[in-house]
Amino acid sequence: MKRSQLKLSQCAMIAALALSAFGGVIPTAMAHHGWSWAESEQMTLQGTIEQVQIAPPHPTLKVRAKDGVWTVELGNPSQTKEAGFVEGSAKPGDAITAVGNRDQDAAAKRMKAVQVSVGGKTYDIYPSRIKKP
């Protein structure tokens, strides 16, 4: 085998390995980051923040509402930061209003927020998804 053929063969092998590795990762990432688990209609949740977690894969808030404690997912860390919501933007005890799409499983008490208002400031996490009444 010529040297150029060997080099081409090695490149093809590396490309095949990379594609097969991504083949397992991409569907998982898409399933996690999609909206298929959420209802298409948006809701408004009002309550009091019990916990703030700014960490991958999605920053989350635990919010006590009239019907229990909800998990409110925000965007990915960089998207949430771009919206202006950073460490210290909210703390336990703060009142919050979150607009977003709830889990299709009503028992889950989980929503993906497109907009949150806390401390007199509104954060548009997913501006293009905010439905105006």
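Rule-based calculations on the coordinates, nothing more; no lab input. Note that the structure is a prediction, hence the values are computed from the model and not measured. For neighbour counting, all protein chains shown are included, and Cβ atoms are generated from backbone atoms with ideal geometry for every residue, glycine included.
Sequentially through segment 92-100, phi angles give Karplus couplings (6.51, -1.76, 1.60; θ = phi - 60°) of x, x, 6, 6, 9, 10, 10, 10, x Hz, Gly and Pro residues having no value and appearing as x. Counting Lys and Arg as +1 and Asp and Glu as -1 over every other residue whose Cβ lies under 13 Å from the Cβ of residue 79, the net charge comes to 0. Its Cα gyration tensor gives segment 39-133 an equivalent ellipsoid; the semi-axes, largest first and in whole Å, are 17, 16, 13.
For segment 38-129, the number of Lys pairs with C-alpha atoms closer than 17 Å, counting only pairs eight or more positions apart or on separate chains, is 8.
What is the local net charge at residue 46, summed over the other residues whose Cβ is closer than 13 Å to its Cβ (Lys, Arg +1; Asp, Glu -1)? Computed value for this residue: 0.
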